[in-house]
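Colleague: The structure that follows is given in the form of structure tokens.
The values are calculated or read from the model by the stated rules, or taken from the named source; none is laboratory data. Predicted model only: the values in this text are computed from it and were never measured. Here the Cβ positions follow ideal geometry from the backbone for every residue, glycine too, while neighbour counts run over all protein chains shown. What goes into the accessible areas is simple: the full protein's heavy atoms, side chains included, and nothing from ligands, DNA or RNA. Shrake-Rupley method; radii C 1.70, N 1.55, O 1.52, S 1.80 Å.
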Amino acid sequence: MMDFFNHQMKITGLAQAAGNPILACQINLDKNFAFLEFRSVDETTQAMAFDGINFQGQPLKLRRPRDYQPMMGISELPASNVPVLSGVVSTMVHDSIEKLFVGGLPNYLSEDQVKELLSSFGQLRAFNLVKDSATSLSKGYAFCEYADPQLTDQAIAGLNGMQLGDKKLIVQRASVGAKHNQMSQQVPVQIQVPGLNLNAVGTQPPTEVLCLMNMVATEELVDEEEYDDILEDIREECGKYGVVKSIEIPRPIEGVDVPGCGKIFVEFNSVLDCQKAQQSLTGRKFANRVVVTSYYDPDKYHRREF
């Protein structure tokens with residue numbers, strides 16, 4: 001562990017002098033925690049930027065010891081010019097105007113699934129799914145902050161009110177009123193999920209047509225055999241909830257902007273069957289992607305207005 005963190009301190013430029021920043025390490029295997037001793041207070045503070053780093057397949061939480069007494073006049077946060085470390089999402093979301101509250105989360109969504117949904121807007125700086133201390137189950141709400149503050153309002157507009165199963169998300173600044181929503185003055189950011197327009201999700205009342213998003217990438221639809229496999233998988237999975245009348249998966253055409261490409265449209269025999277599928281499939285994983293769903297206008301579906 002000392003070698004790991006000494007190496008990370010050096011390659012990220014957080015080590016402030018030659019030699020190893022960490023002098024000692026004590027590990028308690030029974031209680032799954034360790035103490036790291038640094039050679040300087042400042043390097044210790046900078047190392048807090050590694051909170052959430054992956055070590056041997058496990059994200060680590062980095063905290064000061066409970067009996068730690070901060071020094072007067074010394075910041076306890078990593079320097080603001082420390083870059084967001086690639087692949088590292090802090091588990092501690094500090095209070096700021098960019099801190100987001102995400103409520104109304106279905107309890108069946110895992111930490112990774114919630115993080116993946118939020119990350120569809122861009123890289124997270126920090127994320128914390130609040131869990132029951134006794135059961136370790138999700139309490140249905142989380143806090144997060146994006147690495148790029150400009151994405152905060154985009155995430156609020158896109159996620160707030162989204163239908164997930166039988167719940168709707170509540171997404172707002174943790175300190176409501178800290179900053180006025182300036183969405184009308186901003187250019188929308190391109191969401192990083194194929195075919196996913198989060199602003200439209202959850203606004204359509206139940207119909208017999210279900211739109212599945214974030215299930216396939218457009219490049220997966222080019223190959224004929226791969227396309228047939230995806231079609232068969234969708235038909236088999238959706239058939240568990242009722243009679244599937246038809247499926248439409250718009251495919252990419254070179255040089256043409258194909259409407260709905262990246263989305264999957266499934267027509268069920270009844271609204272009830274469609275509702276069963278929506279409640280079951282929302283938040284599920286398909287090819288390591290968190291599925292997002294929305295009901296779709298049947299008339300537009302039959303006119304192929306995707």
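Colleague: Provide M48, M1 ordered by accessible surface of protein heavy atoms (probe 1.4 Å), highest first.
Modeller: From most accessible down to least: M1, M48.
Colleague: Just to verify a number: what accessible area does R125 come out at with the full protein assembly present, 1.4 Å probe, Å² rounded to tens?
Modeller: 90
Colleague: Let me ask you something else. Under the rule of at least 5 residues apart or a separate chain, name every residue whose amide H is placed under 5 Å from the amide H of Y295.
Modeller: Counting only residues 5 or more places away or on other chains, the set is G202, Q204, C211.
Colleague: Where only protein heavy atoms count, and the probe is 1.4 Å, what is the accessible area per residue for the range 1-44 in Å²?
Modeller: Counting only protein heavy atoms, the per-residue value for the range 1-44 is 66 Å².
Colleague: Moving to a separate point now. Which length gain, in nm to one decimal place, applies between T218 and D148 when the Cα-Cα distance is subtracted from 0.36 nm times their residue separation?
Modeller: 22.6 nm
Colleague: For the range 10-76, rounded, prolate or oblate, judged on the Cα gyration tensor with a ≥ b ≥ c (square roots of eigenvalues), a/c < 1.5 rounded, else prolate if a/b > b/c? Before the final figure, lay out the partial values.
Modeller: Numbers: a/c = 1.63, a/b = 1.21, b/c = 1.34.
Oblate, because a/c is 1.5 or more while a/b does not exceed b/c.
Colleague: Further question on the same structure: Go through S119, S133 and list them by solvent-accessible area, largest first, probe radius 1.4 Å. If you can, show how the numbers build up before the last one.
Modeller: Working: S119 40, S133 120 Å².
Descending order: S133, S119.
Colleague: Also: Excluding residues on the same chain fewer than 8 positions from K263, give the lysines whose Cα lies under 24 Å from its Cα.
Modeller: K115, K167, K168, K240, K245, K276, K285, K300
Colleague: Please list H302, H94 in order of solvent-accessible area, largest first, computed with a 1.4 Å probe with all protein chains present.
Modeller: From most exposed to least exposed: H302, H94.
Colleague: In Å and on Cα atoms, what radius of gyration and Dmax does the range 220-306 show?
Modeller: Calculated on Cα positions, Rg and Dmax stand at 13.1, 39 Å.
Colleague: Label points 7 Å out from Cα along the Cβ direction at N54 and A34: separation in nm?
Modeller: Here the modelled spin labels are 1.8 nm apart.
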